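Just below is one structure, and these are the notes that go with it.
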Amino acid sequence: MISRLRPLLTFFILFAGAFLFLLPPALTQQSDITSGNPYQYYSDIDQALTTKLPDFQQQLEGVIKDFNKGKTPETLEWLKTTIAKGDAFIDRVRPDSNFDQLETSFDQIKNALVQAEAALQKKNYAAAKKALQRADVLTKVLLESPMLKMTQASIDLDQAGQRINNKDYIAAGMFLDHALDNLQGINIEKNPKLAAELDGIKNQIVITHQQVILGKYKADQDSRSIWKQMRQAQVESWSHYYDMWSNTYRPWDNN
């Protein structure tokens, strides 16, 4: 049933280049969230995840490997700039609940970096290295888990719910279709329960989509329920991949 769905309309997502860690001044001065365009914010993140964040992670892993070799830096001052730029961006998007898990992810990375710097100043090198390792795993989750893709689907479902509430069923169908497209490519590793939950969300989207196209969908309640389930799936995905990779991802042990 899912494979028979086709888009009703096409809309364009504008692209710009910057990520929360390396945001240009122009975007720190004017947020697209305040102008009602969460897709612009998402596209900024999506682009920079593939261009900027890997460099940050590489630097981080280089410092951890130096710790393993007994080379301890006097300071992690470069991390403070990273944190400051990230804070300036994230604070502007906090009112949009679709990005709650992304905000939580950044806050966790930031807190780990702050802990690493504090431990280093106290010459507690073991604690500093452990905090940096945690930041590295958290960064991997942000880069490689499906949590961010789920965020895009959450935005789509939120937009669909608003259109349904306004009885704009054609636009609602478009957003539901786009949400389904964003979920189709997600593969949950080693968590059958979460994978089944995601399949359930997709099936609900299909049913709602059909009702909306026929103009028979008169309430917003069910679509908001799907949106809430999508939000919860984001949280569960983040926790699952962090738990899995915190036990298996150890690139700093390789010379």
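The values are calculated or read from the model by the stated rules, or taken from the named source; none is laboratory data. Computed from a prediction, not measured in an experiment: that's the story for all the values here. Here the Cβ is made from the backbone with ideal geometry for all residues, glycine too, and neighbour counts use every protein chain on show.
Looking only at the range 87-107, residues that are within 30 Å of Ile226 (Cα to Cα) and either among the small types (Gly, Ala, Ser) or surrounded by 18 or more Cβ atoms within 10 Å (Cβ to Cβ) (or both) come to 12 in all. Checking each residue of the range 82-91 against the condition of being under 30 Å from Asp158 (Cα atoms) and among the basic types (Lys, Arg) gives at least one match. Among the residues of the range 194-204, is there at least one that is touching a Lys or Arg at 6+ places or on another chain (Cβ under 7 Å), in contact (Cβ under 8 Å) with a residue 24 or more places away in the chain and not assigned by TED's automatic domain parsing to the domain that holds Thr72? No, the range 194-204 has no match at all.
With respect to the conditions (1) surrounded by fewer than 18 Cβ atoms within 10 Å (Cβ to Cβ); (2) under 15 Å from the mean Cα position of the chain (by Cα), Gln162 lacks only one, and its number is (2). Quick one: is Leu183 in a helix (DSSP H, G or I), touching a Lys or Arg at 6+ places or on another chain (Cβ under 7 Å), crowded, with 21+ Cβ neighbours inside 10 Å and not assigned by TED's automatic domain parsing to the domain that holds Ala48? Yes, satisfied. Residues in the range 64-97 that are assigned to a helix (DSSP H, G or I), touching a residue at least 40 places away in the same chain (Cβ under 8 Å) and within 25 Å of the chain's Cα centre (by Cα): Ile64, Thr82, Lys85, Gly86, Ala88, Phe89, Ile90, Arg92, Val93, Ser97. Filtering the range 73-112 to residues that are β-branched (Val, Ile, Thr) and either in the same structural domain as Gln229 (by TED's automatic domain parsing) or modelled with pLDDT of 90 or more (or both) leaves Thr104, Ile109.
Phe11 fulfils the conditions (1) modelled with pLDDT under 75; (2) under 20 Å from the mean Cα position of the chain (by Cα); (3) not aliphatic (A, V, I, L, M) except for a single criterion, (2).
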